[in-house]
1. I need the full set of residues from segment 202-220 which are modelled with pLDDT of 85 or more, assigned to a loop (DSSP other than H, G, I, E, B) and open to solvent by 10 Å² or more (accessible area, probe 1.4 Å), in order please.
2. Does segment 250-276 hold any residues that are in a strand (DSSP E or B) and open to solvent by 70 Å² or more (accessible area, probe 1.4 Å), and which are they?
3. Under 9 Å by Cβ, and 6 or more places apart or on different chains, what pairs join a residue from segment 72-92 that is over 21 Å from A155 (Cβ atoms) with one that is part of a strand (DSSP E or B) and open to solvent by 50 Å² or more (accessible area, probe 1.4 Å)?
4. Looking at segment 40-52, can you tell me whether even one residue there is open to solvent by less than 50 Å² (accessible area, probe 1.4 Å), over 21 Å from K144 (Cα atoms) and at pLDDT below 75?
5. Identify all residues within segment 223-249 that are open to solvent by 20 Å² or more (accessible area, probe 1.4 Å), at pLDDT 90 or above and part of a strand (DSSP E or B); write none if there are none.
6. Run P411 past the list (1) modelled with pLDDT under 85; (2) in contact with a helix residue (DSSP H, G or I) (Cβ under 9 Å, 6 or more places away or on another chain); (3) surrounded by fewer than 21 Cβ atoms within 10 Å (Cβ to Cβ); (4) of a type outside the set (D, E) and report the number of the one that doesn't hold.
7. Test R438 against the criterion of being part of a loop (DSSP other than H, G, I, E, B), of a type in the set (K, R) and either touching a strand residue (DSSP E or B) at 6+ places or on another chain (Cβ under 7 Å) or at pLDDT 90 or above (or both), and give yes or no.
Amino acid sequence: MKRFFNQLLRNISLSRDTNTTLCTTTTTPTKISPLEIPLILDLIFSYLDDHTCRYRVALVCRQWFLRQQNQFSRTITFGDFWTDKQVALFYTKLPGAGRLECVLHFDSLRGIDTKNIRVLLERYQGDYQRQLEKRNQIAINKRKPTLYSFDSLRAISISVGVQYGTTIDSIPFPPSLTSLELTFMFCLSNGESFGKIMRTCPLLEILSLEVEERSSRPMSQITLDQELHPKPLPLQHLKLRNVYFAQADLESLLLFTPRIKSLKLIGLDTHHRPKYDWTRLLEHIKALRVTLEDVYFFEYGQQSHLDIMPRLGEICPTIWDWTLWAPDVTPSFLQELTLRTSFVTTLELFWEPMDYDYAALCCSNELKHAPRLIHKYLCTSSQLVHLKSLKTVIRPEFMDLFNRRVPHGDPLDLPTSPAPALWVCRGLETLHVELHDRHCSRILFGYVSRVLPQLQELFVRIPEVCKPDEDSPFIYPVMHVNLQGGLCLLSRLKLLRRLRVASTSHEFKVTDGCSKMALNWMLPSGRNGKFKRQRRDELKSWRVRRDEEDQRETMRSLQQQQPPKLEKEADAEIWSQLRNLGLLLDVEEVVKEIDAGGFEPLPSLEKLSFSLNTLGMKHPEVELKNVFRDRKK
């Protein structure tokens, strides 16, 4: 490759020298820079992510902008709570977009607004073709330059709050669709037809259907039309969670999907239906001579699938993506996975979905051990060094390295903490956690900001109610993103682009009681004299608490707690940086450094959200404006 580029440079240089000699004998030939050669530029840009190319590279010069032209696909969002004006504006932008993200709060036969998306998609294909033909009639050199290509709609993600009596398969999806992701918070539909979806979208490569909550009635059922006998389908990734799909239908579908790479069957609901024969399914996949890159089987209330775990290597030689069902997570199960895995890039933990019955919400016995075992693996396993994406449950004692949590009541009520340790996955880029406590936000944010410097996406979810075990009463986790809560500790993350901190409660918001100065340090406009003074006054109001904190730390130092022996120098440095973990002092130092202009907080932050019910995520300035719209301070 290097010889090729050197030869290319010499040829271009000789060509320029020849042309210069023919034109004039007085002009001195100039040597071309490698960065002027489009082939080399494209090779360099191929190593960069889309964000860097779009917001950094394209702004350097005209040549680099032109190299990025038409390289990106546009994403558009839709909400069923929009006004007619908003819907009309959305539709003008829909043709040419490559991805649609849709949020329906309530999808039923009686819903009027929710039918908008069906009507709009029914009109979409014709309008897209007309605009494409009109665009093609314009000469390329006369088209308005843009970074985004004029695409057909290829990916749709739909999130439904409550579905009652309707089906997603009735939506007129465009035939160009290659990815369809469906998520239901609560579902009482009559069932979805994969056959209908496959006929409508013959190019579909990714299909995911997940249900978050269970109801007292049978859950969503998926059917495969018997008359569906298509030619081989391009489907590569199939993910089903908390739904029912008959084994015979699944096996029929696999007959027509020779390119299948990923098969995830998570928490299949077989309470009132025939259970799966996992051995038969495995033999069926083997007979098809399909080699999977990712596979997982589980249905409620059955452990027999664990017996075939050692045989999964027959259809999936190596697993880099760990999808774990909480009741399965035992030392022996993790050991079995470890034997067939050289390294892990993705780890996701799932557990039995929330029941519509309030008393069965949140922590059940199945979450008693899984989070602790996963935390231990995150701290000790060399296979997780390359982990890029993690979705799990976090308990505060895991990250409380110095036992600084202060409960309301008897300190003896604190759960026993595991041995202090640091996660080995320092290159983690995506972290989605459900936080099960109410006195740990400073510990979480402080730990993450030091241990995971490469983090790009952080979602923190606080459940409405938490029950640690059968003998404990229900507790109601509360987290505030004010200064005391320590959200500002995340300002150290230079690469963080997407941040969501939200509660599932309909009555409680994490921004309740927050003033502007507690959050607008994220924006340049929030780091002026007025807000600096307000934050300085806030820090002064902590004086009494800070004195008490200093006294506790003095007593702690007299006990001569010895830090763990750390073999790596990098670990020792991080441990030193975490010496104030969980303290108000840690927050105070960061706030002072931000207001002194010591560094730019969250320089890469693009999207921010403090709610689970909002459509998509917004620019930080827009999100903060919405939060404080009706507040004076």
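1. Of segment 202-220, the ones modelled with pLDDT of 85 or more are 202-210.
With the extra rule that they be assigned to a loop (DSSP other than H, G, I, E, B), the set shrinks to 202-205.
Passing the criteria: P202, L203, E205.
2. Residues of segment 250-276 that are in a strand (DSSP E or B), as a first pass: 262-268.
Correct list: empty.
3. Between residues of segment 72-92 that are over 21 Å from A155 (Cβ atoms) and residues that are part of a strand (DSSP E or B) and open to solvent by 50 Å² or more (accessible area, probe 1.4 Å), the close pairs are F81/H105.
4. Within segment 40-52 (the criterion being open to solvent by less than 50 Å² (accessible area, probe 1.4 Å), over 21 Å from K144 (Cα atoms) and at pLDDT below 75), the answer is yes, since at least one residue qualifies.
5. Hits for segment 223-249 are H237, K239.
6. Going through (1) modelled with pLDDT under 85; (2) in contact with a helix residue (DSSP H, G or I) (Cβ under 9 Å, 6 or more places away or on another chain); (3) surrounded by fewer than 21 Cβ atoms within 10 Å (Cβ to Cβ); (4) of a type outside the set (D, E) one by one, P411 breaks only (2).
7. On the way: part of a loop (DSSP other than H, G, I, E, B): yes; of a type in the set (K, R): yes; either touching a strand residue (DSSP E or B) at 6+ places or on another chain (Cβ under 7 Å) or at pLDDT 90 or above (or both): yes.
The answer is yes for R438.
Let's see how each residue does on (1) in contact with a strand residue (DSSP E or B) (Cβ under 6 Å, 6 or more places away or on another chain); (2) modelled with pLDDT of 80 or more; (3) of a type outside the set (A, V, I, L, M, F, W, C):
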position: E299; (1), (2), (3): yes, no, yes
position: D321; (1), (2), (3): yes, yes, yes
position: F333; (1), (2), (3): no, no, no
position: L337; (1), (2), (3): no, no, no
position: D355; (1), (2), (3): yes, no, yes
position: A360; (1), (2), (3): no, no, no
position: L378; (1), (2), (3): no, yes, no
position: L384; (1), (2), (3): no, yes, no
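The values are calculated or read from the model by the stated rules, or taken from the named source; none is laboratory data. Just so it is clear, the model here is predicted, and its values are computed rather than measured. Methodologically, a virtual Cβ is constructed for each residue, glycine included, from the backbone with ideal geometry; neighbour enumeration extends over all protein chains shown. Side chains are part of the model used for accessible areas, which takes the heavy atoms of the whole protein and leaves out ligands, DNA and RNA. Shrake-Rupley method; radii C 1.70, N 1.55, O 1.52, S 1.80 Å.
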